[in-house]
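A.B. asks: Dropping the structure in here first, questions after.
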Amino acid sequence: MLYLHIPFCHRKCTYCAFYSAVTSGSKQPYVDALCRELELRRAEQPHPLRTVYFGGGTPSLLSLDQLRQLVDTIARCFDLSQLQEVTLEANPEDLTPVFLQGLIGMHFFNRLSIGVQSFFDDDLHLLNRRHSAQQSLQAVQAAAEAGFGNISLDLIYGLPGQTLARWQANLAQLSALPVSHLSAYALTVEEGTILHRQVAQGRLLPADEETVLAHYQALLQWASQAGFEQYEISNFCRPGCRSRHNSRYWDRTPYLGVGAAAHSFSGCCRRWNVADVGQYVAAVGNPPHEEELLTPTDAYNELVMTSLRTVEGIARERVEPPFLDHLSRAIARFVAAGLIQETPTHFRPTPAGLLQADGMAADLMAPPSR
Ligand code: SF4
């Protein structure tokens, strides 16, 4: 499992708290450093790669030549004999027919994750997105025509001023497109974002809890009618089209992450690279980074946090015995409240429980001393 972080954006979306550099400058030094890091750290992924994910930032800001350079380096450094899924995150305005043909021609990428967010221009303007609704429609059609059979869209609900009817219109629009996967997120106001400032200054009023809940319920209703299964709190797909890469994060499969601000996970240790493109490039493949050795308690807490957001829930066999006792005791009140269903193999969140996954996870965590 390999993740490449491409931390460039044309401009900053108002809600975005990710590390990304707003630049129109050359990205070649970064791509060269990325290739060097792949070469230097190849031994950290000795097994055949099953999934590769180009995330950001905006990976579709790289040129076809730069993407080809990365693909060639990956092919040189890793065993690709069992590769199943290779995703490129893209913004609609970058997905021209020429770019899409170039991607298909590499015989490497088989999945696109397109940041559409809304099919209404005034929502896009509010979020400071660069593309129009029309560009999104064209991009999805062009991607399908180019040969991408596995297309995911990102949409955001709970936008300031977004009515339920408008959110439902977004979902209806998605149903009419050749799309197999949806990641739908409730808008959150993160500190340090432009949106946070706008809200603090009283220039925008965030949606209230009731509205967000109504949008979420409309999402569930749409999914069941449109033939999309929910497999994680924010992720929906047509049968057989789950994101393999993201599913492996949730079951805590080790992965190698390269690039500025990229995280890696070895099974017992997390590592994260410096979140600064200048420092990353200057280090030529050996970037400053920090590491954290996970204690058994950390590992248990992470398992609870990620598993409770999935429909499968927490697999008993993955919980170490001392934590299983703690979990069984602490979870009883959520079972009684109908938020968790207990089976011989799993603790599964019910649809109502999924919505409260983060709050329940906080209550189920083990204290640091264990
Ligand atoms: S394109 Fe994505 S990463 Fe870049 S600013 Fe917008 S939300 Fe953030």
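The values are calculated or read from the model by the stated rules, or taken from the named source; none is laboratory data. All values derive from a computational prediction rather than experimental measurement. Please note: Cβ atoms are built from the backbone with ideal geometry, for glycine as well, and neighbour counts cover all protein chains shown.
A.B. asks: Filter the range 117-139 for residues that are in contact (Cβ under 8 Å) with a residue 40 or more places away in the chain and hydrophobic (A, V, I, L, M, F, W, C); which is surrounded by the fewest Cβ atoms within 10 Å (Cβ to Cβ)?
C.D. replies: LEU137
A.B. asks: Let me ask something else. Quickly run through the range 261-296 and pick out the residues that are on the phi > 0 side of the Ramachandran plot and modelled with pLDDT under 95.
C.D. replies: Answer for the range 261-296, where residues must be on the phi > 0 side of the Ramachandran plot and modelled with pLDDT under 95: GLY267, VAL284, GLY285.
A.B. asks: State whether one or more residues within the range 297-307 are on the phi < 0 side of the Ramachandran plot and either exposed (fewer than 15 other Cβ atoms within 10 Å of the Cβ) or not in a helix (DSSP H, G or I) (or both).
C.D. replies: No: the range 297-307 contains no residue that is on the phi < 0 side of the Ramachandran plot and either exposed (fewer than 15 other Cβ atoms within 10 Å of the Cβ) or not in a helix (DSSP H, G or I) (or both).
A.B. asks: Cβ-Cβ below 7 Å, separation at least six or inter-chain, first residue in the range 88-109 and at positive phi and not assigned by TED's automatic domain parsing to the domain that holds GLN141, second crowded, with 19+ Cβ neighbours inside 10 Å and outside any loop (DSSP other than H, G, I, E, B): which pairs?
C.D. replies: Pairs found: none.
A.B. asks: Something else now. What number of residues within the range 119-157 satisfy the criterion of being small (Gly, Ala, Ser), within 16 Å of the ligand (Cβ to nearest atom) and closer than 19 Å to PHE236 by Cβ?
C.D. replies: 2
A.B. asks: Regarding the range 269-284, can at least one residue be identified that is in a helix (DSSP H, G or I), touching a residue at least 12 places away in the same chain (Cβ under 8 Å), buried (at least 17 other Cβ atoms within 10 Å of the Cβ) and among the β-branched types (Val, Ile, Thr)?
C.D. replies: Yes, because at least one residue in the range 269-284 is in a helix (DSSP H, G or I), touching a residue at least 12 places away in the same chain (Cβ under 8 Å), buried (at least 17 other Cβ atoms within 10 Å of the Cβ) and among the β-branched types (Val, Ile, Thr).
A.B. asks: Then there is this: Name the residue that is farthest from PHE54 (Cα to Cα), counting only residues in the range 154-178 that are buried (at least 23 other Cβ atoms within 10 Å of the Cβ) and out of contact with any helix residue (DSSP H, G or I) (no Cβ under 6 Å at 6 or more places or on another chain).
C.D. replies: The selected residue is ASN170.
A.B. asks: For the range 178-221, what are the residues that are of a type in the set (Val, Ile, Thr), closer than 23 Å to PHE18 by Cβ and in a helix (DSSP H, G or I)?
C.D. replies: Matches in the range 178-221: ILE194, VAL199, VAL212.
A.B. asks: Of the residues THR58, THR14, which is within 13 Å of the ligand (Cβ to nearest atom), β-branched (Val, Ile, Thr) and within 15 Å of GLY259 (Cα to Cα)?
C.D. replies: THR58
A.B. asks: Just wondering, is there one or more residues in the range 70-84 that are under 23 Å from the mean Cα position of the chain (by Cα) and within 16 Å of the ligand (Cβ to nearest atom)?
C.D. replies: Scanning the range 70-84, I find no residue that is under 23 Å from the mean Cα position of the chain (by Cα) and within 16 Å of the ligand (Cβ to nearest atom), so the answer is no.
A.B. asks: Return a yes/no flag: does the range 191-202 have any residue that is free of Cβ contacts under 8 Å to residues at least 60 places away in the same chain and either hydroxyl-bearing (Ser, Thr, Tyr) or touching a Phe, Trp or Tyr at 6+ places or on another chain (Cβ under 8 Å) (or both).
C.D. replies: Within the range 191-202, none of the residues are free of Cβ contacts under 8 Å to residues at least 60 places away in the same chain and either hydroxyl-bearing (Ser, Thr, Tyr) or touching a Phe, Trp or Tyr at 6+ places or on another chain (Cβ under 8 Å) (or both).
A.B. asks: Against the definition (hydrophobic (A, V, I, L, M, F, W, C), surrounded by 19 or more Cβ atoms within 10 Å (Cβ to Cβ) and within 13 Å of the ligand (Cβ to nearest atom)), how does CYS9 come out, yes or no? Give the derivation first.
C.D. replies: Details: hydrophobic (A, V, I, L, M, F, W, C): yes; surrounded by 19 or more Cβ atoms within 10 Å (Cβ to Cβ): yes; within 13 Å of the ligand (Cβ to nearest atom): yes.
Yes.
A.B. asks: Among TYR3, TYR30, which is within 16 Å of the ligand (Cβ to nearest atom), among the aromatic types (Phe, Trp, Tyr) and in a helix (DSSP H, G or I)?
C.D. replies: Going through TYR3, TYR30 in turn, just one is within 16 Å of the ligand (Cβ to nearest atom), among the aromatic types (Phe, Trp, Tyr) and in a helix (DSSP H, G or I): TYR30.
A.B. asks: Pick from LEU40, LEU4: which is modelled with pLDDT of 95 or more, in contact with a Leu (Cβ under 7 Å, 6 or more places away or on another chain) and of a type outside the set (Phe, Trp, Tyr)? Full working, then the answer.
C.D. replies: Values: LEU40 fails: in contact with a Leu (Cβ under 7 Å, 6 or more places away or on another chain).
When all the criteria are applied, what remains is LEU4.
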